[in-house]
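The values are calculated or read from the model by the stated rules, or taken from the named source; none is laboratory data. Predicted model, so just to flag it, every value in this text is computed and none were measured. Backbone-built Cβ (ideal geometry, glycine too); neighbour counts: all protein chains shown.
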Amino acid sequence: MHFLLTYEFVPDYLEHRPLHRSEHLRLAWEAHRRGELVLAGALADPVDSAVLLFQGESDRAARAFAGTDPYVRAGLVTRWSVRPWTTVVGETAATPVRPPA
């Protein structure tokens, strides 16, 4: 299954991000190496939120990531949520659905 972890940032996120970015990226790349985090990044224009795509049997890895993320712990994230995402198209879709032949 896939899970989307979404963040909403404080208005001055970009000003405060440098203090916490190295640790945030270290945790993100570790989660990627474990096969939990597929893709992640901030949304642009404006940079006010981010989306992190996790995979696994449950949302446990996504929730654990948010709980330890320095962006969350430092208050740069005003709100976060995890939602299951039913992926149906693409090579890595969790529940592929193909059109009838």
- Query: Out of the residues in segment 3-17 that are touching an Asp or Glu at 6+ places or on another chain (Cβ under 8 Å) and crowded, with 17+ Cβ neighbours inside 10 Å, which is farthest from ARG63 (Cα to Cα)?
  - Reply: TYR13
- Task: For LEU76, state whether it is without any contact (Cβ under 8 Å) to a residue 60 or more places away in the chain and either of a type outside the set (Phe, Trp, Tyr) or buried (at least 17 other Cβ atoms within 10 Å of the Cβ) (or both).
- Result: no
- Message: Being surrounded by fewer than 14 Cβ atoms within 10 Å (Cβ to Cβ), modelled with pLDDT of 95 or more, of a type in the set (Gly, Ala, Ser) and in contact with a helix residue (DSSP H, G or I) (Cβ under 9 Å, 6 or more places away or on another chain) narrows it down to one residue among GLY56, GLY67, GLY41; which is it?
- Response: GLY67
- Query: Can you pull out the residues in segment 23-38 that are in a loop (DSSP other than H, G, I, E, B) and surrounded by fewer than 17 Cβ atoms within 10 Å (Cβ to Cβ)?
  - Reply: ARG34, GLY35
- Query: Just to be sure, is ARG79 assigned to a helix (DSSP H, G or I) and not hydrophobic (A, V, I, L, M, F, W, C)?
  - Reply: no
- How about segment 26-62: which of its residues are in contact (Cβ under 8 Å) with a residue 40 or more places away in the chain and either of a type in the set (D, E, K, R) or farther than 16 Å from PHE3 by Cα (or both)? LEU27, ASP48, SER49, GLU57, ASP59
- What is the one condition in (1) loosely packed, with under 15 Cβ neighbours inside 10 Å; (2) over 15 Å from the mean Cα position of the chain (by Cα) that HIS20 does not satisfy? (1)
